[in-house]
Structure formats: structure tokens, C-alpha cells
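Everything on this sheet refers to the single structure shown next.
The numbers here are math on the coordinates, done by the rules we state, and not lab data. The structure presented is a predicted model; accordingly, all values stated were derived computationally and were not measured.
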Amino acid sequence: MYDGAVQDLIDELGRLPGIGPKSAQRIAFHILEAESEDMLRLSDAIRTVKEKVKLCELCFNVSEQERCAICRDDKRDTSLLCVVEESQDVMAIERTRAYRGRYHVLGGSINPIAGIGPEQLHVRELLTRLQDDVIHEVILATDPNLEGEATATYLGRMLGATGIRVTRLASGLPVGGDLEYADEVTLGRAFEGRRLLNG
């Protein structure tokens, strides 16, 4: 335990996701030893992002404007809608350059243990967007974990009655992985998603 401000900084850093006590301490001492101008730029960047960044009014991705750059892009395919859990997922998919449709960010996944149900997510807004005749396919790109699967199952059942094509991202073994280290769900998914090579 350190005195006053140093311990307060360590405690605050420790509240960030993925930062344990040792990392929080290391970062705190880096901040103490760094040039004041560098740390003032960091604090200004944090303040600016909190003041300027909000959620896109249409897809709920992060944006500094009412609509994010993807929703404003007229070259995107408006018939495709990819549903993701978080804004970080949008960026991960964009990096692949394999998808040119639009997005809908749920703001999390269904997790009854944490008290998160469909009401706490942007599901109602998703249904509103699907009332246009523009969207022909909804791609469910939730995480391949228990919560993501529950969310995809819920949305799949709910959207089944809309007449819109609903697909789920394929999942299975990662390239370069070893079978012996794959868990049962991943390996089972790989068998379900196998494809024909000689036809």
C-alpha cells in the first residue's frame, strides 16, 4: 500500500478491464516517471473522448457525429446487417475487408447471471430497423461463448418470423491450431461446419 494519490491512482487503474494489481502498479509508476506533457496529453485525450464520443443514433457504434462513418457511407450494402455485441467487434470485422454491409451494435450480450436480458440491449431498435424492406439478411456475429450463443439463439428465434434471412458466422478450429488443444464446443462446431472438398 502506498500513500494517498499514488494508491488512489493504482486503485483506479486496477478497475480497468484486463489490468490486474501488478499491471496497475507498473502503469502508475510509469505515469509518475513520465514527462508531465505526455501525461497531460493522455489526460486531455481521455477528457476529449468522454466529451465528444457518443453512440450512433442508428447502429449504436461509437461516433463523434449523430451517425457513424459506416452509416453515413453510401457505398455500403444496405441489404446486409451484421449484428455484433460491442463496437470493438465492428472494428475487428472491418479489418478483414470481407464485409461491406452495415452494422447493429447490441451493447452487450444476454447474461442472466449479470442481470442482462434483451431489454438491456438494443434489441428493440434492431426490430425497428428491420421494418424497412431494405434489409434482406441479418448476420449474427456474436461471440462464440455461452452468452454470445444465448444471444444468437434468442435473436434467431425472434427474427425467424420476419421472413428475413438470418445467418450466423461460422466458427470452428483456428488456422494453425492443434486438435488436441481444442475444447469440445469448438471441435463440435468444426464438425458441424465441415465443407465438401471434392465436389
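Annotations for the structure displayed:
- GNM flexibility winner over the chain from E119, E86, E149 (Cα, springs under 10 Å): E119
- Close amide H pairs (under 5 Å, H built 1.01 Å from N) link Y103 with C82, residues at least 5 positions away or on another chain.
- Convex hull volume of the Cα atoms of the range 62-168, normalised per residue: 109 Å³.
- The range 62-168, relative contact order [Cα under 8 Å, separation at least 6], %: 27 percent
- Cα-Cα P(r), the chain, percent of pairs per 5 Å interval: 1, 6, 11, 14, 14, 14, 12, 11, 8, 5, 3, 1, 0, 0
- In the chain, the DSSP beta bridges split such that about 20 percent are antiparallel, to the nearest 5.
- Within the listed set L140, L159, L40, the Gaussian network model of the chain (springs between alpha-carbon atoms below 10 Å) gives the highest mean-square fluctuation for L40.
- Per-bin percent of Cα-Cα distances, the range 4-52 [5 Å]: 5, 21, 22, 27, 20, 5, 0
- Among I46, I164, I139, residue whose mean-square fluctuation peaks in a GNM of the chain (springs only between Cα atoms under 10 Å): I46
- Its relative contact order, with pairs defined as Cα atoms under 8 Å and 6+ residues apart, puts the chain at 12 percent.
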